[in-house]
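The values are calculated or read from the model by the stated rules, or taken from the named source; none is laboratory data. Treat the numbers as computed from the prediction; the structure is a model and nothing was measured. FYI the Cβ positions are ideal-geometry reconstructions off the backbone, even for glycines, and counts take in every protein chain you see.
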Amino acid sequence: MKPHCHILGAGAIGGLFAARLTALGFRTTLIERDPPGKQRTLKLVTGGHEERVSIETESPNARGPVTLLWVATKSHAVLAAVSSVAHRLTAESVIVSLSNGMGYHEALEQKFPNRLIAGFTTAGVARVPPDKRLIAGQGQTRLGWWHGQTLPPDWCEALVTSGWHCSWAPDIQTGLLEKLALNGVINPATALLDIPNGALLEPHHRAVLDTATAELCAQLVWAGHSAIAASLGERVQRVLQDTASNSSSMRTDRQQGRPTEHEEILGYLLERLGPTDRRHCPAAPLLQHWLSELRQPAPDH
């Protein structure tokens, strides 16, 4: 029997996964601070084709146990969001985090030990408020236990055999760091330059792209992740080509005056990755400048 899925975060990724899980036969409920009613109808648009999916909704204060909790909030809101439903979690509850960045998993694991599955997705999806989701690409989704257990839960088989490219990763932390490195180059650049992803490949932006990639590669090598550094340049190019018309989440958040995930992405890479003694850490003047800029209030649009 498939577990009842509760999803925290009704944004782009949360809405997409609510629809995906429903299509796979999971009972799915969106947990929202101010739910519009007992149900929300999401409109998924792929290549001009629109599909409507009805999803149950409820507030964090609703009663009843939460067996399988999917978290798709912004990374800086993860711990508070999960804490808001802590009264509904049991010893058997499993938490699946799909939020960007790193650094919050440790706090989540400490508060809710041995129940965290970390994950990420490269699906391209944008939210058009309130209920439309524009899907630019199915992407890849990877999940794995944060605390090192290798065997997936039984319900994971339905996801792996689905058509949306989900896989189980026994070493999920490596996969998370690979995606973090990509985001560390692409997201701050597109947010601060206010350009879509593909514009980074234009000749007048290439020097910035190459410098950022080189600085981050040096950070990764110093921190002991040479294999990730070796493929970073090629992977950045491929992602920019595949998502050329997309706007990064950091750019969109900055445009709309919302807090960005710069601390969980660039802050983590520059200040928390690798040895605690950072005296011999290679300089990264461009990336440090970006982090300083992102820590300032965004200009009015």
Task: From Gly14, Gly9, Gly48, residue being in the same structural domain as Gly124 (by TED's automatic domain parsing), free of Cβ contacts under 8 Å to residues at least 24 places away in the same chain and among the small types (Gly, Ala, Ser) - done: Gly48
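Got a sec? Which of Leu232, Leu216, Leu180 is part of a helix (DSSP H, G or I), outside the structural domain of Val96 (by TED's automatic domain parsing) and either under 18 Å from the mean Cα position of the chain (by Cα) or of a type in the set (D, E, K, R) (or both)?
On the way: Leu232 fails: either under 18 Å from the mean Cα position of the chain (by Cα) or of a type in the set (D, E, K, R) (or both); Leu216 fails: either under 18 Å from the mean Cα position of the chain (by Cα) or of a type in the set (D, E, K, R) (or both).
Answer to the selection: Leu180.
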- [ ] Consider Arg258 carefully, then state whether it is surrounded by fewer than 14 Cβ atoms within 10 Å (Cβ to Cβ), within 19 Å of the chain's Cα centre (by Cα) and of a type outside the set (Ser, Thr, Tyr).
- [x] yes
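Within the group Thr213, Thr260, Thr243, which residue is free of Cβ contacts under 8 Å to residues at least 60 places away in the same chain and among the hydroxyl-bearing types (Ser, Thr, Tyr)? Spell out how you get there, then give the answer.
Numbers: Thr260 fails: free of Cβ contacts under 8 Å to residues at least 60 places away in the same chain; Thr243 fails: free of Cβ contacts under 8 Å to residues at least 60 places away in the same chain.
Exactly one of Thr213, Thr260, Thr243 is free of Cβ contacts under 8 Å to residues at least 60 places away in the same chain and among the hydroxyl-bearing types (Ser, Thr, Tyr), namely Thr213.
Going residue by residue through the range 120-135, is there one that turns out to be modelled with pLDDT of 95 or more and in contact with a Lys or Arg (Cβ under 9 Å, 6 or more places away or on another chain)? It would help to see each step written out before you state the result.
Residues of the range 120-135 modelled with pLDDT of 95 or more: 120.
Within this subset, residues satisfying the condition of being in contact with a Lys or Arg (Cβ under 9 Å, 6 or more places away or on another chain) are 120.
Checked the range 120-135: at least one residue is modelled with pLDDT of 95 or more and in contact with a Lys or Arg (Cβ under 9 Å, 6 or more places away or on another chain).
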TODO: State whether the residues of the range 262-269 include one that is farther than 18 Å from His205 by Cα, assigned to a helix (DSSP H, G or I) and in contact with a Ser or Thr (Cβ under 7 Å, 6 or more places away or on another chain).
DONE: yes
TODO: Scan the range 125-139 for residues that are touching a Ser or Thr at 6+ places or on another chain (Cβ under 6 Å) and assigned to a strand (DSSP E or B) and jot them down.
DONE: Ile135
Task: Qualifying positions in the range 136-158 - farther than 26 Å from Gly274 by Cβ, within 18 Å of the chain's Cα centre (by Cα) and at pLDDT 90 or above - done: Gln140, Thr141
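Is it true that Leu69 is touching a residue at least 60 places away in the same chain (Cβ under 8 Å), within 23 Å of Asp154 (Cα to Cα) and over 21 Å from the mean Cα position of the chain (by Cα)?
Values: touching a residue at least 60 places away in the same chain (Cβ under 8 Å): yes; within 23 Å of Asp154 (Cα to Cα): yes; over 21 Å from the mean Cα position of the chain (by Cα): no.
Taking the combined requirement at face value, the residue does not satisfy it.
Can you pull out every residue in the range 159-177 that is touching a strand residue (DSSP E or B) at 6+ places or on another chain (Cβ under 9 Å) and either aliphatic (A, V, I, L, M) or part of a helix (DSSP H, G or I) (or both)? Walk me through how you get there before you give the answer.
From the range 159-177, those touching a strand residue (DSSP E or B) at 6+ places or on another chain (Cβ under 9 Å) are 159-160, 164-173, 175-176; that's our starting set.
Scanning the range 159-177 gives Leu159, Val160, Ala169, Ile172, Gln173, Gly175, Leu176.
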Task: Hey, Ser167 modelled with pLDDT under 95, of a type in the set (Ser, Thr, Tyr) and more than 15 Å from the chain's Cα centre (by Cα) or not - done: no
